[in-house]
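Read-outs throughout are calculated quantities, based only on the coordinates presented, and are distinct from any laboratory measurement. Just so we're clear, the structure is a prediction, and the values are computed from it rather than from any experiment. All Cβ positions, glycine included, derive from the backbone under ideal geometry; neighbour counts span all protein chains shown.
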Amino acid sequence: MANATVNELRKKSDAAADNLHRQLAGMEPYLERADAPGEWTTREVLCHLLFEPGWSPSALLKTFAERNLPVVEISPGTTNVTPEREKMTLAQLAGALDEQRRELFAYLEGLPESDLHRKGRIPLFKQFMGTDEIPIPMFVGAMFDYHWNDHAGQIAKIRAAVGLPAAA
């Protein structure tokens with residue numbers, strides 16, 4: 001039941017995923033490298049984008065409501081690297097991100113337009129969006145347009161630090 005809003009979110013998501021995958025090209029040998037001391041490694045960035053183990057974007061969005069909004073706490077400085085994720089290859093980490101994105105859009109495409117207005121209360125968003133009452137499209141847009149693109153930029157810095165050319 002895809003609609004114009006979901007189609008627009010998919011375009012932004014596709015662009016962010018393309019950007020991230022371009023930055024990841026050739027980065028397998030540099031999963032444990034950062035661009036500077038104290039900065040996140042490529043693996044840490046990818047694990048951060050995956051959120052905590054078992055996180056499901058559709059499960060989160062199912063909690064969004066018309067009233068009695070759920071509070072969604074986001075810890076921006078958490079890398080979520082686990083022993084299992086420490087063993088994952090670049091392809092496996094990227095594949096896990098792609099799977100989360102597929103799950104998210106399968107859920108969104110099944111929603112009627114009216115359900116897209118459901119909200120969650122996300123305290124972290126208040127500081128840069130001016131509100132903590134975030135509707136589903138705003139959350140999904142921020143997740144890809146801001147979050148994924150921002151961290152793709154971080155991986156671009158790692159690319160430069162290890163001597164790889166800028167991603168095309």
inquiry  = In Å and on Cα atoms, what radius of gyration and Dmax does the range 95-159 show?
reply    = 13.9, 43
request  = Along Cα→Cβ, 7 Å out, is where each label goes; now give me the distance between the ones at LYS87 and LYS157 in nm to one decimal.
outcome  = 3.2 nm
task = Kindly count the pairs of lysines across the chain whose alpha carbons are less than 27 Å apart, treating pairs on different chains or eight or more residues apart as eligible.
result = 11
query = For the range 71-168, which GluC sites (Glu not before Pro) are in a loop by DSSP, counting at most 10 other Cβ atoms within 10 Å?
reply = GLU73
request  = Please go through the range 1-108 and write out the trypsin sites (Lys or Arg not before Pro) that DSSP classes as loop and that have at most 11 other C-beta atoms within 10 Å.
outcome  = ARG67, LYS87
note = Descending packing, highest mean Cβ count within 10 Å first, for 138-144, 159-165 is 138-144, 159-165
task = Of the options LEU104, PHE139, ALA152, report the single residue whose Cα projects farthest towards the positive end of the charge dipole of the range 72-168 (beta-carbon charges: Lys, Arg +1; Asp, Glu -1).
result = ALA152
inquiry  = Restricting to Cα pairs below 8 Å that are 6+ residues apart, what does the relative contact order work out to for the range 113-164? Please round to a whole percent.
reply    = 26 percent
inquiry  = What does the charge count around ILE134 come to, taking other residues whose C-beta lies under 12 Å from its C-beta (Lys +1, Arg +1, Asp -1, Glu -1)?
reply    = +2
task = Kindly write out, for the range 52-64 in residue order, the coupling ³J(HN,Hα) from the Karplus curve 6.51 cos²θ - 1.76 cosθ + 1.60 (θ = phi - 60°), rounded to whole Hz, with x marking Gly and Pro.
result = 6, x, x, 4, 10, x, 5, 4, 5, 5, 5, 7, 4
request  = Enumerate the whole-percent occupancy of each 5 Å bin, from 0 to the last occupied one, for all C-alpha pair distances of the range 58-129.
outcome  = 3, 13, 16, 18, 21, 15, 10, 4, 1
ask   = How big is the range 29-84 by Rg and Dmax over its Cα atoms, in Å?
value = 14.8, 48
task = Starting from the amide H of LEU31, placed 1.01 Å from N in the peptide plane, find each other amide H under 5 Å away whose residue is 5 or more places distant or on another chain.
result = none
ask   = Full extension from PHE128 to LYS62: what is 0.36 nm times the residue separation minus their Cα-Cα distance, to one decimal in nm?
value = 21.4 nm
ask   = Placing +1 at every Lys and Arg Cβ and -1 at every Asp and Glu Cβ, with all other atoms neutral, what dipole size does the chain have around its Cα centre, in debye to the nearest 20?
value = 120 debye
key: Potential extension, ALA168-HIS21 segment - 0.36 nm per residue separation minus Cα distance   = 51.9 nm
request  = Net charge near ALA17: determine it from the other residues with C-beta under 9 Å of the C-beta of ALA17, scoring Lys and Arg +1 and Asp and Glu -1.
outcome  = -2
message = Connecting C-alpha atoms closer than 10 Å in a GNM of the chain, tell me which of SER114, SER56, SER75 has the biggest fluctuation.
response = SER114
key: Radius 12 Å from Cβ of LEU116, net charge of other residues (Lys, Arg +1; Asp, Glu -1)   = -3
query = When the dipole is taken about the Cα centre of the range 1-46, and only Lys, Arg (+1) and Asp, Glu (-1) are charged at their Cβ, what size is it in debye, to the nearest 20?
reply = 220 debye
ask   = In Å, the Kirkwood hydrodynamic radius of the chain over pairs of distinct alpha carbons?
value = 16.7 Å
ask   = Calculated from DSSP H runs of 4 or more alone, at -39500 (n - 2.57) each and per residue, what is the 222 nm mean residue ellipticity of the chain, nearest 500?
value = -16000 deg cm²/dmol
